[in-house]
Amino acid sequence: MPPGWGRSGRSLYYTAGLPPDDPQRESDAARALYPVTGTYRVNIETGGTEKIALGDFACVSPDEEYVLVYPAPKLDGEGKWVKGGAKVLLETKKVTYLPDDVRYPRISPSGKLAACLSRKGGVRCFQTADCKPYGRRVPKTGFNIEEWFTDLRWIVVEQEGSN
């Protein structure tokens, strides 16, 4: 996963392996991931680095209030840690699990929606406020995961009278 800049230009978000002395490295949650990684944020002005969550950085919201992490450890319906996705609030580190259908989410310019590859095939959107599905799954064939990261572009259509 490529790193991502926050819109403010002051923070860079990225994925790295957990160091051997990280207390979460041997946790049940971390065991759901292989390799065991974390999402980090570096403050460009100070050089300070902070771990945000377990799992791979996927994208950061335009207002830099949250990040989406995939894959990330997620509790299933039986209380077991599995590979899934998560939304992590940057200020509080509160985690909201993403729907099971989500893979490799990308946040829209407004921050209100995210598009993702669906486990069932095609592209699916969900609302970032409550992580509920939005619209229908769109069939998409003939592309690979690298193209998802290099070729995906959001098109913003302004409606008359909207801000």
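In the set (1) more than 30 Å from residue 21 (Cα to Cα); (2) at pLDDT 90 or above; (3) crowded, with 18+ Cβ neighbours inside 10 Å, the condition left unmet by residue 112 is number (3). For the list (1) surrounded by 14 or more Cβ atoms within 10 Å (Cβ to Cβ); (2) part of a loop (DSSP other than H, G, I, E, B); (3) at pLDDT 95 or above, I need the number of the one condition that residue 22 fails. Condition not satisfied by residue 22: (3).
Within the range 29-40, the set of residues being surrounded by fewer than 21 Cβ atoms within 10 Å (Cβ to Cβ) and modelled with pLDDT of 95 or more comprises just one member, 40.
Filter the range 51-65 for residues that are among the small types (Gly, Ala, Ser) and either under 17 Å from residue 108 (Cβ atoms) or part of a loop (DSSP other than H, G, I, E, B) (or both) and give the result. If the condition is that a residue be among the small types (Gly, Ala, Ser) and either under 17 Å from residue 108 (Cβ atoms) or part of a loop (DSSP other than H, G, I, E, B) (or both), then 55, 58, 61 are the ones that fit. Selection of the range 117-138 for residues being outside any loop (DSSP other than H, G, I, E, B) and touching a Leu at 6+ places or on another chain (Cβ under 8 Å) yields 123, 124, 125, 126, 127, 134.
Would you confirm whether or not the range 4-12 contains a residue that is touching a residue at least 12 places away in the same chain (Cβ under 8 Å), assigned to a loop (DSSP other than H, G, I, E, B), within 19 Å of residue 62 (Cα to Cα) and among the hydrophobic types (A, V, I, L, M, F, W, C)? No: zero hits.
Screening residue 77 on (1) buried (at least 21 other Cβ atoms within 10 Å of the Cβ); (2) part of a loop (DSSP other than H, G, I, E, B) shows it passes everything except condition (1). Tallying residues that are of a type in the set (Val, Ile, Thr), in a strand (DSSP E or B) and touching a residue at least 24 places away in the same chain (Cβ under 8 Å) within the range 36-50 yields 2.
The values are calculated or read from the model by the stated rules, or taken from the named source; none is laboratory data. Computed from a prediction, not measured in an experiment: that's the story for all the values here. Note: ideal-geometry Cβ built from the backbone for every residue, glycine included; neighbour counts use all protein chains shown.
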